[in-house]
Amino acid sequence: MDDTWLHDYNVPDRVEGFVQASITQGNQTKGNHIMLTMGSDFQYEAAAEWYTNLDKLINYVNQDGRVNAFYSNPELYMQAKNTEDIDWSVKEDDFFPYSDCEHCYWTGYFTSRPALKRMERVMSGYLLAARQVEALAGVGAAAGVSPQPLFLLEAASAVAQHHDAVSGTSKQHVAFDYAQRLSEGYNQAAPEVFNVGIAKLAGLSSDTTLVNCPDLNISVCDATGGDSFSVVAYNPLAYARSEVLTIPVAADSVVVTDATGEAVAATVVPSNADADDALPYSLMFATGDISPLTAAPFTVAVVSAASEGAAQAPTAQTVSGSGTLEVTNGKVTLTFDKSSGRLSGMSYVDEEQDEDLSIELDQGYYYYTSFNSSVDLAEWDLSDCDPETGSDCPEGYPKATLQHHKATRLMNSVEHHSQVGPLHRDLGSSDDQNSGAYIFRPTTPDQTPISVGVPTLTVSESDLVTEVHQVWSSWVTQTFRLYAGQSYAEVEWTVGPVPIDDNMGKEVISKFSSSIASDGTLYTDSNGREFLERKLDYRPTWDLIQYEEVAGNYYPVNMGLYIKDENAQLSILNDRSQGGASLEEGSLELMLHRRLLHDDSRGVGEPINETSFITSYDNSDCTACREGTPLVVTGKQILQLHAPDKAMKHVRADAQRMFSPIEPVFGGATVAKTAAPVKRSSEALLPHNVKLLTFQAVSTDEVLIRLEHVFAIDEDATLSQPASVNVTALVNEMGFTTLGATELTLTGNQAKKSQHYLPWSTADKKEKATELNEKAAAKVLEENEGVITLDPMEIRTAIVKVARN
């Protein structure tokens with residue numbers, strides 16, 4: 001308010017506050033330039049009002065003269081900092097795990113809303129595959145269709161990256177909205193791009209109708225419930241691969257044939273799904289090698305069990321008694337203790353790679369009891385309670401806790417988000433901090449075993465796959481799978497509904513305990529790329545005072561985690577983002593599910609208690625009440641055991657397979673072919689240390705390509721070396737004629753050769769801009785006849801002008 005005639009005139013106060021805030025930040029910042037960012041959650045709206053007041057504030061602050069304020073942007077700020085004569089430190093670790101008070105570690109959101117996290121991962125992989133098919137088949141954007149049919153899925157996937165979306169820290173109705181948008185995007189992309197594109201790549205007639213089955217994970221698919229149907233499987237990787245596909249079927253005896261009419265290896269097992277319209281059996285069949293970026297057709301038909309080529313019926317037995325049970329696929333061997341029903345060992349043998357390893361390995365399911373500061377305060381009568389004296393307050397209720405809850409109950413969502421941290425600090429205590437959407441705080445470090453007695457062991461064996469099914473309780477089951485010839489074990493888990501009849505929240509983990517001498521060290525990925533070393537109760541760049549021995553050692557795991565010693569590396573790859581830790585020597589744990597009864601006062605305003613439905617937030621009788629079936633979650637992990645010098649090539653390869661699975665679509669009993677299916681002349685379009693990150697049509701005659709070197713420095717003696725790719729030859733192999741190519745920056749909005757680096761001085765290195773820019777310019781695609789060389793972890797981007805062959 002800058003009118004001096006008005007009672008609320010406040011220019012001197014606002015100027016003084018701004019100057020003092022600037023000085024405070026300046027005292028914590030190298031150099032004379034600081035950046036004050038504008039806006040925050042729940043507060044940045046009414047732009048005209050914002051800018052009117054900012055204009056006034058800048059004017060009066062500059063009249064004061066102690067600081068100079070002006071509008072800026074990140075580019076100008078970086079240039080200003082670059083001109084200052086400063087030696088900068090280099091930070092090679094990250095800031096995880098983050099805490100805003102003693103017992104307030106933000107490590108719960110690593111796992112919150114596990115089903116939404118999985119949906120986001122599935123849709124992200126599907127979108128990349130759909131973009132490939134669109135470009136390769138010449139449909140959608142590649143055919144000039146407008147509006148582009150992938151836009152809805154692209155937009156939904158982008159929105160799902162919001163820090164309150166995939167993190168699981170939104171309200172329940174907002175989480176439902178994220179899921180709905182992803183579903184709507186998928187439902188448009190599938191029929192308008194992916195399915196028609198796959199039909200063209202497979203050489204099928206133009207009137208062929210292919211459909212998707214988004215509910216395969218619960219054994220629901222209308223297209224596969226008849227006597228015969230077709231499956232067309234698309235491989236989105238740039239390398240040939242052989243997988244085992246699992247498809248729900250209605251009969252226990254079928255035959256699967258490939259494009260040549262030859263029967264392929266298959267087995268049928270009973271389905272464990274309990275959805276109302278779930279099919280009773282699961283067909284598992286080997287795809288054989290599917291060439292890179294191609295579609296392979298198969299036919300499935302119900303036959304008698306005695307028919308030639310019929311899927312093998314597995315042998316099944318329930319195991320009990322004493323001694324051990326061993327199952328193997330020739331490479332991986334899992335050992336189970338019959339008396340305890342638990343995994344007890346793992347070994348791996350590969351004579352060609354000179355690997356022969358064996359470790360002790362126990363695995364089980366546990367839960368942490370979530371910290372609840374009290375019963376729900378809605379049940380307390382606080383009307384006569386004096387928080388200062390404690391008079392007429394509930395017996396035994398701490399003064400600090402009472403003050404905190406009385407304050408937060410009166411806050412709206414904006415105030416919750418911005419004031420709770422300072423409130424904790426003002427009260428001088430975080431003893432009342434609940435576990436919630438953001439925060440993981442167990443009542444004690446103790447892990448409660450979930451098993452009721454001895455887990456039931458059932459073994460199912462066929463030539464294609466061996467399964468060991470474990471029942472841990474009425475709400476936790478698990479299946480180990482060994483596929484023939486594969487170098488890993490697959491672990492499929494199902495958790496839920498998590499019981500809360502004891503009025504306590506629970507945070508469920510799967511824990512592996514091994515004989516590996518890990519020396520308190522864990523390795524977790526950073527956004528699916530480099531692996532960072534994590535040491536128990538230690539931070540590389542500051543002295544840690546540990547208040548939460550469990551939550552304070554939890555880290556985000558987006559792709560995988562591992563431990564190792566001189567002889568062996570035990571790695572687990574996951575199918576969605578989760579929280580993980582190594583709290584004991586030789587152990588690994590991943591948090592799979594959370595069901596909580598209290599809010600953690602960080603802005604969500606409700607507990608993470610997911611059910612099928614939630615009542616309206618405007619319902620005065622029952623506001624935002626949970627109704628219907630509580631959340632049941634199913635997921636998969638890949639378990640690997642290798643020598644440390646050979647392990648990372650398996651980690652990187654299988655991580656690509658998990659993120660970009662074979663995508664099946666389904667058709668009628670017979671599908672007419674009018675053209676030869678697309679084939680590749682090579683079983684690998686790229687070196688095995690390079691990933692095709694993006695292949696996308698941006699117009700009818702341009703494609704965007706991103707290539708990623710997937711290995712970090714020193715991860716593998718061979719595969720961590722630089723790799724070269726001839727982009728022209730790559731695009732030509734995909735059925736185009738390359739007319740020209742321009743390398744772009746990572747985001748694809750600027751020509752690489754026009755990018756200029758700023759030199760930055762560190763304590764041990766003085767960079768020269770001329771040398772940096774000359775080195776970068778020499779690597780640009782246009783200067784190397786269409787060849788790109790990628791260093792470890794490097795991503796390169798190009799726009800390619802093409803003509804379709």
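The values are calculated or read from the model by the stated rules, or taken from the named source; none is laboratory data. Here the structure is a predicted model, which means the values were calculated and not measured. Note: ideal-geometry Cβ built from the backbone for every residue, glycine included; neighbour counts use all protein chains shown. Ligands, DNA and RNA are excluded from the accessible area calculation, which covers all protein heavy atoms including side chains. Shrake-Rupley method; radii C 1.70, N 1.55, O 1.52, S 1.80 Å.
Brief remarks on what is shown
- For residue 18, solvent-accessible area (1.4 Å; no DNA, RNA or ligand), Å²: 50 Å²
- Applying the Karplus relation 6.51 cos²θ - 1.76 cosθ + 1.60 with θ = phi - 60° to the stretch 91-104 yields 3J(HN,Hα) values of 9, 10, 9, 10, 10, 7, x, 8, 9, 10, 6, 4, 10, 10 Hz, where x marks Gly and Pro.
- Distance in nm between pseudo-label sites at residue 454 and residue 276 (7 Å out along the Cβ direction from Cα): 4.0 nm
- Förster-model FRET efficiency, 60 Å R0, residue 463 and residue 793, C-beta, rounded to 0.05: 0.90
- Packing-based ranking of 233-244, 605-616 yields 233-244, 605-616, ordered from highest to lowest mean Cβ neighbour count within 10 Å.
- Rounded percent of accessible protein surface that carbon and sulfur make up, the stretch 178-290, 1.4 Å probe: 44 percent
- Packing, as the average of other Cβ atoms within 10 Å across residues, places the peptides 327-335, 721-729, 27-35, 552-560 in the order 552-560, 327-335, 721-729, 27-35, highest first.
- Inter-label distance, residue 613 to residue 49: 3.8 nm, where each label sits 7 Å from its Cα along the C-beta direction.
- Taken one residue at a time, the phi angles of the stretch 629-640 give Karplus couplings (6.51, -1.76, 1.60, θ = phi - 60°) of 6, x, 5, 10, 10, 10, x, 10, 10, 10, 10, 10 Hz. Gly and Pro are set to x.
- Theoretical ellipticity at 222 nm over the chain - DSSP helices of four or more residues, -39500 (n - 2.57) apiece, nearest 500: -6500 deg cm²/dmol
- Looking at the chain, the accessible area is 46 square angstrom per residue; that uses a 1.4 Å probe and ignores ligands, DNA and RNA.
- Contour excess over end-to-end distance, with Cα ends at residue 75 and residue 27 and 0.36 nm allotted per residue: 15.0 nm
- Within the accessible surface of the stretch 68-123, defined with a 1.4 Å probe on protein heavy atoms only, the carbon and sulfur portion equals 58 percent.
- Three-way shape label, the stretch 1-66, alpha-carbon gyration tensor, a/c 1.5: oblate
- FRET efficiency for residue 252 and residue 10, using Cβ-Cβ distance with R0 set to 56 Å, rounded to 0.05: 0.10
- Ligands, DNA and RNA excluded, the heavy atoms of residue 702 present near 60 Å² of accessible surface to a 1.4 Å solvent probe.
- Subtracting the Cα-Cα distance of residue 443 and residue 35 from 0.36 nm times their residue separation leaves 142.9 nm of extension gain.
- Surface share of carbon and sulfur [accessible, 1.4 angstrom probe, percent] for the stretch 664-788: 53 percent
- For the chain, a/c is not less than 1.5, where a ≥ b ≥ c are the root eigenvalues of the C-alpha gyration tensor, and a/b does not top b/c. That puts it in the oblate class.
- Cleavage-rule hits (chymotrypsin sites (Phe, Trp or Tyr not before Pro)) in the stretch 55-160: DSSP loop, at most 14 neighbouring Cβ within 10 angstrom: 70, 71, 95, 98
- Taking all protein chains as shown and a probe of 1.4 angstrom, residue 747 keeps an accessible surface of around 100 Å².
- Three-way shape label, the stretch 181-297, alpha-carbon gyration tensor, a/c 1.5: oblate
- Lys/Arg +1, Asp/Glu -1 at C-beta; the chain dipole; positive extreme among 143, 625, 497: 143
- Under 13 Å from the residue 473 label point (7 Å along Cα→beta-carbon), backbone N, the stretch 575-605: 593-595
- Once the Cβ-Cβ distance of residue 645 and residue 313 is raised to the sixth power relative to R0 = 56 Å, the FRET efficiency obtained is 0.85.
- With 0.36 nm allotted per residue and the present C-alpha distance subtracted, the residue 84-residue 180 stretch has 29.6 nm of extension available.
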